[in-house]
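Report on the following structure.
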Amino acid sequence: MSQLGASPSERPVAERKGPPSPTPDETLVRAFNELRDELVSTLMYMLGSRDDAQDAAQDALLKCWKARAGLAEIQNLRAWIFRVGLNTAKDMQRSAWSRRAKPLMGEETMLTGRDAGPGQQLEDKECLDRLRAAILDLRAEEKEVFLLRQNGGFTYEQIAELRHSPVGTVKTQMRSALQKLRKVLN
């Protein structure tokens, strides 16, 4: 069937070599798995509990899975998954079931170095506790922008797109968050 000297693009599809393109299902699962730790960390600061953050991430995966038919139209899969996760967390915060206050467990969030002496470890723990408390005290929009930038690694433009806000507003919210956090840490 194949002609000698025919270019690869002229060969029938069955004769072409190379790995097959991933299906939308595979693309979504791979992207979600790559983002999972960052997403859960971000959601943990929003919800105050690792368990709730994992529940929100799982719900977000289910929502993404149900919407996977439209995956071809999504330009930034990473941003879309984060947006679904953040919206899920906001829904959880609004629900009557989740309105009770939950402490943020420090050991689950960040680990201090094992080489430091006991005095340094205590000082580091106190600093981390102040930082966590300060993050939780930020206004919702400041916290979201800060976490997307620091934990999610998004650019200001990507955050603006995610939040449907102007870039200038996102930068102002980030600056406000950083000023509040610096005040607590200094």
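The values are calculated or read from the model by the stated rules, or taken from the named source; none is laboratory data. All values reported here derive from a predicted model rather than from experimental measurement. Counting neighbours? That spans all protein chains shown, and the Cβs are built from the backbone with ideal geometry, glycine included.
Before we move on, is Ala160 closer than 23 Å to Arg50 by Cα and outside the structural domain of Tyr45 (by TED's automatic domain parsing)?
Numbers: closer than 23 Å to Arg50 by Cα: no; outside the structural domain of Tyr45 (by TED's automatic domain parsing): yes.
Against the criterion (closer than 23 Å to Arg50 by Cα and outside the structural domain of Tyr45 (by TED's automatic domain parsing)), Ala160 does not qualify.
Can you name the residue in the range 64-83 that is among the basic types (Lys, Arg) and either part of a loop (DSSP other than H, G, I, E, B) or surrounded by 13 or more Cβ atoms within 10 Å (Cβ to Cβ) (or both) and is also modelled with the lowest pLDDT among such residues?
Taking the range 64-83 first, the residues among the basic types (Lys, Arg) are 66, 68, 78, 83.
Subset that is either part of a loop (DSSP other than H, G, I, E, B) or surrounded by 13 or more Cβ atoms within 10 Å (Cβ to Cβ) (or both): 68, 78, 83.
Working: Arg68: 84, Arg78: 87, Arg83: 88.
Only one residue fits best here, namely Arg68.
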When you check Glu10 against the structure, is it over 14 Å from the mean Cα position of the chain (by Cα), among the acidic types (Asp, Glu) and modelled with pLDDT under 85, yes or no? yes
Give the range 125-170 a look and list any residue that's in a helix (DSSP H, G or I), within 14 Å of the chain's Cα centre (by Cα) and without any contact (Cβ under 8 Å) to a residue 24 or more places away in the chain, or say none. Gln150, Ile159, Arg163
Of the residues that sit in the range 128-186 and are under 23 Å from Met92 (Cα atoms) and of a type in the set (Asp, Glu), which one is surrounded by the fewest Cβ atoms within 10 Å (Cβ to Cβ)? Asp137
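Pull up the range 22-48, narrow it to residues that are polar (S, T, N, Q), farther than 10 Å from Gly85 by Cα and touching a helix residue (DSSP H, G or I) at 6+ places or on another chain (Cβ under 9 Å), then point me to the one that is surrounded by the fewest Cβ atoms within 10 Å (Cβ to Cβ).
Step one: of the range 22-48, the residues polar (S, T, N, Q) are 23, 27, 33, 41-42.
Subsequent filtering for residues that are farther than 10 Å from Gly85 by Cα retains 23, 27, 33, 41.
Restricting the remaining residues to those that are touching a helix residue (DSSP H, G or I) at 6+ places or on another chain (Cβ under 9 Å) gives 27, 41.
Working: Thr27: 16, Ser41: 19.
Top of the filtered list is Thr27.
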